[in-house]
Amino acid sequence: MLKMLEYLFSQYKDYPTYQITLELVAIFFGLWSVWCAKKDNIWVFPTGLISTFIYAYLLWKWDLLGDSMINGYYFIMSIYGWYHWTRKKGDLEEFPVSVITNKEKIIALIIFALTIIFVVIVYLYFGKFTTWYSYVDTFLTAIFFVGMWLMAKRKIENWIFWIIGDLISIPLYFAKGYTFTSFQYIVFTIIAVFGYLEWKKILNSNKVTS
């Protein structure tokens with residue numbers, strides 16, 4: 001048991017205490033944010049802002065540029081999503097949970113492609129293509145960029161992107177040496193599955209009401 005714990009958490013012995021504390025705080029608010037997203041609750045955004053701000057800083061300090069950019073983007077999109085979700089027509093939500101349109105599929109594909117191009121350029125500039133997970137990062141960043149955009153637009157398909165991205169992130173963060181964050185993505189995956197099912201119920205309920 002002790003050997004297992006040492007294997008999982010030995011990388012933290014050289015980390016400053018404040019960074020470990022910040023990671024745990026970011027995980028707490030990250031889990032809270034995803035739970036709020038599952039419930040289609042507006043608090044997904046203020047809690048997400050705290051988590052993504054901390055992670056953007058930590059990941060930059062850890063030289064994980066792609067991951068840092070993901071969280072910087074999350075931060076910006078959380079502000080947009082917060083505004084988007086609060087818009088109403090009278091007493092009704094102007095943008096309730098809905099299915100992605102054909103036009104939005106094209107936009108999502110463009111976001112995906114441009115994100116990969118941008119991350120590759122940044123990684124080449126900083127000479128960061130030194131490990132196998134640097135290449136995975138480019139693909140993962142694109143998945144999460146599209147997922148966050150769809151969530152801000154309140155599209156149910158956002159959960160599919162989160163599930164795929166979370167599953168990839170579990171072994172990826174463990175390989176990078178961030179066990180706490182890897183465990184966080186296990187919980188994220190579970191919540192994302194239930195989030196999709198819950199949004200599906202909301203979507204069907206909206207259809208019946210309309």
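Here are a few things to note about the model shown:
- Extreme residue, nearest to V44 (Cα to Cα), among residues of the stretch 109-152 that are surrounded by fewer than 13 Cβ atoms within 10 Å (Cβ to Cβ) and among the polar types (S, T, N, Q): T131
- Scan of the stretch 13-45 for residues that are in a helix (DSSP H, G or I), surrounded by fewer than 16 Cβ atoms within 10 Å (Cβ to Cβ) and not charged (D, E, K, R), ordered by number: T17, Y18, Q19, I20, T21, L24, V25, F28
- In the stretch 76-92, residue modelled with the lowest pLDDT [restricted to those that are surrounded by 15 or more Cβ atoms within 10 Å (Cβ to Cβ) and under 24 Å from S205 (Cβ atoms)]: H84
- Boolean, Y73 is among the aromatic types (F, W, Y) and surrounded by fewer than 14 Cβ atoms within 10 Å (Cβ to Cβ): no
- Pairing residues of the stretch 178-206 that are within 17 Å of S33 (Cα to Cα) with residues that are not in a helix (DSSP H, G or I), at Cβ distances under 6 Å and at least 6 apart in sequence or on separate chains, gives W199/V97; W199/I156.
- Selected residue (criterion: farthest from I42 (Cα to Cα)) from residues of the stretch 93-106 that are surrounded by 11 or more Cβ atoms within 10 Å (Cβ to Cβ) and free of Cβ contacts under 8 Å to residues at least 40 places away in the same chain: K105
- Qualifying residue in the stretch 43-63 (condition: among the acidic types (D, E) and either within 20 Å of I156 (Cβ to Cβ) or touching an Asp or Glu at 6+ places or on another chain (Cβ under 8 Å) (or both)): no
The values are calculated or read from the model by the stated rules, or taken from the named source; none is laboratory data. Just so we're clear, the structure is a prediction, and the values are computed from it rather than from any experiment. Methodologically, a virtual Cβ is constructed for each residue, glycine included, from the backbone with ideal geometry; neighbour enumeration extends over all protein chains shown.
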